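A quick write-up on the structure given underneath.
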Amino acid sequence: MSTPGHAEAPGLAREFGWDAGPRGRALFLIAVLFSSFQVVTAAFSPLSSVVVRAIHVGFLLLMTFALFPGVSAKRQPLPGVAWLLGGAGFLLAFYHWIFEAARRVMGPALPLICGAFLAYALFGNYLPGALAHRGFAFSQVIDQLGFGTEGIYGIPTYVSSTYIFLFILFGSFLEQAGMIRLFTDFAMGTVGHTRGGPAKVSVISSGLMGTINGSGVANVVTTGQFTIPLMKRFGYRAEFAGGVEATSSMGGQIMPPVMGAVAFIMAETINVPYVEVVKAATIPALLYFASAFWMVHLEAGRMGLHGLPKSECPDAWAAVKNGWYLILPLAALVWLLFSGYTPLFSGTVGLALTAILILGVAVAARLSATALRFAFWIALGLASAAFFKLGVGVFFAIAGALVVACLFIEGGRGTLKLAVNALADGARHALPVGVACALVGVIIGVITLTGVATTFAGFIIKLGADSLFLSLLLTMLVCLLLGMGIPTIPNYIITSSLAAPALLELGVPLIVSHMFVFYFGIMADLTPPVALAAFAASPIAQASGLKIGVQAVRIAAAGFVVPYMAVYAPALMLQDGSWLDTAYIVFKAILAIGLWGAASIGHLRTRMNWPERILATTAAGFLIVALPVTDEIGFGLGAAFLAWHVWHSRRIARTDFS
């Protein structure tokens, strides 16, 4: 499927792999070399950071031009020219090739924004008023953007060439090993038989997948292939089914531990431990998915939809028993991150354990005796534990022994092929993120050079002196507008550079201000008219992308509410107050989301009339607004609504019974 931010070359499935033609085999080999380079540099650090960034960008350009040889969809591909451009980008890493690479991967939006910033750096001194800068020579601009660590090779590319690539590769290995099936079977077994079960399966499985790959659009086109048709088969409208999948998949970007790789960039940008970012994101992420779960439950009640027959649902714990080894690398990753280890080390260990376990399962399956298989796992566990103390050399020794064993056992070569495919897929999936990070470095370099962020922040601060809410609203609109057609990572980097310092100046805590712009960057992928995730779901659901986007916005109500609540009550992100304060704000948020969801769907115990929906919406609004006595009014209105609705639903039930 070809969607901005998740591009696939035409016929890529046929032209990319062991069994493809010469071009496909060459691309496959390049992708494997790219992933191998990233793993080796992460494990041994043989090169300086600047060299790693440059080679990382060079590989991105080489693969992009080779995978997308056509200038446009209407013109015939020019493979010779494309390979020449890719080779030039790889050898020279010269700044101006990156614009065209970004356009081929994710469409024109980000290159146009980047071009506008570049034009501002070159000609902004001719603008009137406060936007004008003092003017810079062409050589000074090029030096800033192409030959230092403030432009193309800045923090975004540094994070892409280290943390992000490793975690994408980590997710690719788990996907190849069957993690999607494990999550889907677990979700089907736990909630598939309940009211609206198919939609709840989508919420759970997409959320779990988001914990390892952090790519919203990629989630839509993988888990959505199963969940959207299932929802439609059990009575959900096509646009609602697509909206559920889009909302759930995008939520993976705010679900720790990976969080769409933005968490790593955020930690690097604001210079805080990664675990602090995860801590701030946890409660809002749970509220987001609780909201989506609640909305599909209410929609099922409104439409009288039931779940799957219990006999058709897989055994959740049998699925865990069969795929238990896939959970171990994820558990180790989370433990390492929360123990204070760096994301680079944690990602390397997680990737190493995944590879060892995949190969180890292939070897263990050929051991007939139970005792022998048990001894094998004990030995492998002890050897893997030694990896923490003795370093990566132990991993390569273990992996090498397992590779040799796989060469001589039945089915072992298929496992090796799976591992190599994971290396290639990881490199391919890294293209949109990596190219975006390289290109957005140009924007950051221009912002640093010209000081335009200070001008923009001054405007927000001036507005916030009269009303913090208006400043937040303006920041939200900027995030949504910039997010139309560009991925979440560049959206966050741009808006955090422009708006987050202003929010900090207005008294918003550091992490909360950055999380605010991050959340609305995600919401941009759900918000029409662009709504990348919604349009990715469109061909699967066979419904209009705009209609799917409208439904996704309804379902993702918490994504719009929680950031505002966190600004006025930072305890929601564990940034202030006691646990009692946090418990109170969480309770208030759950009640507000519950009321808002019921009003939006028009159903609770029974169908709601318009006065009830207005009363529930008003109560939720007062609970969200952090002003004197608004909580009391919100609780009062909420209690009045619930009392009225219970009485009204019982009256309807008595009438129907009689």
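A few remarks follow.
- For the chain, the longest site-free run once GluC sites (Glu not before Pro) in DSSP loop states with at most 16 other Cβ atoms within 10 Å are removed: 9-409
- Each residue of region 24-34 was assigned a 3J(HN,Hα) from its phi angle through the Karplus expression (A = 6.51, B = -1.76, C = 1.60, θ = phi - 60°), giving x, 5, 5, 4, 4, 5, 4, 4, 5, 5, 4 Hz with x at Gly and Pro.
- What the Cβ-Cβ distance of GLN140 and LYS279 gives, at R0 = 41 Å and to the nearest 0.05, is a FRET efficiency of 0.50.
- In this simple spin-label model, placing a label point 7 Å from the Cα along the Cα-to-Cβ direction at both ALA364 and ASP576 gives a separation of 4.9 nm.
- Distance between region 167-201 and region 589-644 - C-alpha centres, whole angstrom: 33
- Label-to-label distance, nm, for residues given as VAL40 and VAL646 (7 Å Cα→Cβ offset): 6.8
- From the Kirkwood radius over Cα pairs of the chain, Stokes-Einstein at 10 °C and 1.306 mPa s returns a whole-number translational diffusion coefficient of 61 µm²/s.
- Considering all different alpha carbon pairs of region 573-658, the Kirkwood hydrodynamic radius works out to 13.8 Å.
- Straight Cα distances below 15 angstrom link LYS547 to the aspartates and glutamates GLU239, GLU245, ASP525, with same-chain residues fewer than 8 positions distant left out.
- Residue pairs, from the table LYS200/LYS310; LYS310/LYS417; LYS310/LYS588; LYS232/LYS279, whose Cα atoms sit over 26 Å apart: LYS310/LYS417; LYS310/LYS588; LYS232/LYS279
- When the helices of the chain are scored as -39500 (n - 2.57) per DSSP H run of n ≥ 4 and the total is divided over every residue, the value at 222 nm lands at -24500 deg cm²/dmol.
- Between ALA626 and PHE408, the modelled labels are 6.6 nm apart [label points 7 Å from Cα along Cα→Cβ].
Computed from the coordinates by the stated procedures, all read-outs in this text should not be read as laboratory data. Treat the numbers as computed from the prediction; the structure is a model and nothing was measured. Note that each Cβ is placed from the backbone with ideal geometry, even for glycine, and that neighbours are counted across all protein chains shown.
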